[in-house]
Amino acid sequence: MTSVLQKLLHPGMSQLIRERGYSQVGGFVVEAGAARDLSTGSALREAYGLSPSAEPWVDVVRFALPACATLSEPLDAERPWPTYPSGFLRPVKSTIVPVWILSTTRYSPGAELWRVHDDGRQEFVAVYEGAARGWIVAKGVSPVREWHPSSRYVGTRAVWNGTEYAADVRAGDVEITSYSEPGGDGWVQYRGATWSRTLPPDECEVYELSFRAVLDGVPIRVLEVTGSTVRAQLLTDDPAVAGRLSAVMVDYGLFEVAGVAGDALTDTRLLANGRG
């Protein structure tokens with residue numbers, strides 16, 4: 001599937017993007033073209049089975065499927081949130097929209113954040129320009145206050161000349177980003193301790209890492225390592241399991257735990273998922 005995807009954001013996730021430059025994405029997505037007729041915020045809320053909002057709009061991100069990310073069908077399980085076990089959003093008039101679960105990854109470069117109003121107006125808010133530049137907001141929108149180097153364990157990576165970098169695939173080329181001064185010619189510095197260069201795809205190996213482990217008997221995916229602790233995603237959407245681990249639901253069906261001691265993990269494995 002190479003078409004443009006669309007992710008409906010809950011208000012907290014939209015705020016993370018606009019204020020903290022949050023670049024992680026996963027969970028329920030649809031094909032933007034298939035959802036074209038869901039052209040108002042109220043139609044989108046109805047299709048997703050969400051309660052009426054105090055705000056007369058919803059926010060969506062439209063983006064290309066990231067290079068090494070995967071799509072899977074929704075699970076047929078009873079949960080206290082909409083799960084779409086039939087594989088489709090709820091029908092709105094004659095509009096039937098297939099829905100998938102996107103593996104947790106980093107947004108692809110060129111991802112666009114839009115505000116869809118209940119009266120049908122669509123307002124461009126920001127564009128994601130990759131691991132080096134992050135989110136660039138539209139004129140008149142408050143600038144993003146924070147920026148963070150991308151995690152090694154979320155999003156596309158590439159090896160070039162024996163060194164691993166964060167990577168973004170755009171129009172067939174691969175832009176690699178280093179967070180330490182790389183030396184040599186051909187690099188562009190975008191901010192402090194952040195350099196990038198663009199390579200043809202045959203000069204590097206593109207993949208995404210998946211750091212798997214077990215925490216108290218529960219399979220997890222490590223998303224970030226900070227010193228001796230990790231932030232991780234549970235590889236289950238069972239609310240009872242999440243409650244036992246005091247995990248937080250960051251999106252429908254996606255639970256995370258933070259501040260976990262690294263020595264609490266067992267059965268650690270680092271897997272590489274190659275492009276194509």
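Since every read-out is calculated from the coordinates, none of them should be taken as a lab result. Since the structure is predicted, the reported quantities are computational estimates derived from the model, not experimental observations. When we count neighbours, we look across all protein chains shown, and the Cβ atoms used for this are built from the backbone with ideal geometry, even at glycine.
From least to most packed, judged by other beta carbons within 10 angstrom and beginning with the fewest, TYR48, TYR179 follow the order TYR179, TYR48.
Around the amide H of ALA32, modelled in the peptide plane, lie the amide H atoms of VAL4, LEU5, GLN6, all under 5 Å away and 5 or more residues distant in sequence or on another chain. Given a Förster radius of 35 Å and the C-beta distance between TYR190 and HIS117 as r, what FRET efficiency does 1/(1 + (r/R0)^6) yield to the nearest 0.05? The pair TYR190/HIS117 has a calculated efficiency of 0.60.
Shape analysis of the range 36-165 places it in the oblate category; the axes a ≥ b ≥ c from the Cα gyration tensor give an a/c of at least 1.5, with a/b not above b/c. Model label points for ASP238 and LEU270, set 7 angstrom from Cα along the Cα-to-Cβ axis, are 3.0 nm apart.
The sum of -39500 (n - 2.57) across all DSSP H runs of n ≥ 4, divided by the residue count of the chain, sets its helix-only mean residue ellipticity at 222 nm to -2500 deg cm²/dmol. Give the residues of the range 180-205 whose amide nitrogen is closer than 14 Å to a point set 7 Å from the Cα of VAL159 in the direction of its Cβ. Taking a point 7 Å out along Cα→Cβ of VAL159, the residues of the range 180-205 whose backbone N falls under 14 Å are 203-205. Rounded to the nearest 20, the Cβ-based charge dipole of the chain about its Cα centre (Lys and Arg +1, Asp and Glu -1) stands at 360 debye.
Is the shape of the chain rounded, prolate or oblate, going by the alpha carbon gyration tensor and its root eigenvalues a ≥ b ≥ c, with a/c under 1.5 for rounded and a/b larger than b/c for prolate? It comes out oblate by the Cα gyration axes.
Spatial offset of the range 216-276 relative to the range 81-146 amounts to 24 Å, using the alpha carbon center of each. Other residues within the sphere of radius under 12 Å centred on the Cβ of TRP147, judged by their own Cβ, net out at +1 (K and R +1, D and E -1). Our coupling estimate for the range 161-175, obtained by passing each phi through the Karplus curve with A = 6.51, B = -1.76, C = 1.60 and θ = phi - 60°, is 6, x, 10, 8, 9, 5, 9, 10, 9, 9, 6, x, 8, 10, 9 Hz, Gly and Pro reported as x.
Remark: the Cα gyration tensor places the range 119-276 in the oblate category, a/c being 1.5 or greater and a/b not exceeding b/c. Ranking of TRP114, TRP187, TRP195 by neighbouring Cβ atoms within 10 Å, starting from the fewest: TRP187, TRP114, TRP195. Straightening the chain between ALA77 and LEU16 buys 19.1 nm, computed as 0.36 nm per residue apart minus the Cα-Cα spacing. Among SER53, SER150, SER42, sorting on how many other beta-carbon atoms sit within 10 Å of each Cβ, with the fewest leading, yields SER53, SER42, SER150. Extending 7 Å from Cα along the Cβ direction at TYR179 and again at SER53 yields two label points whose distance is 3.1 nm.
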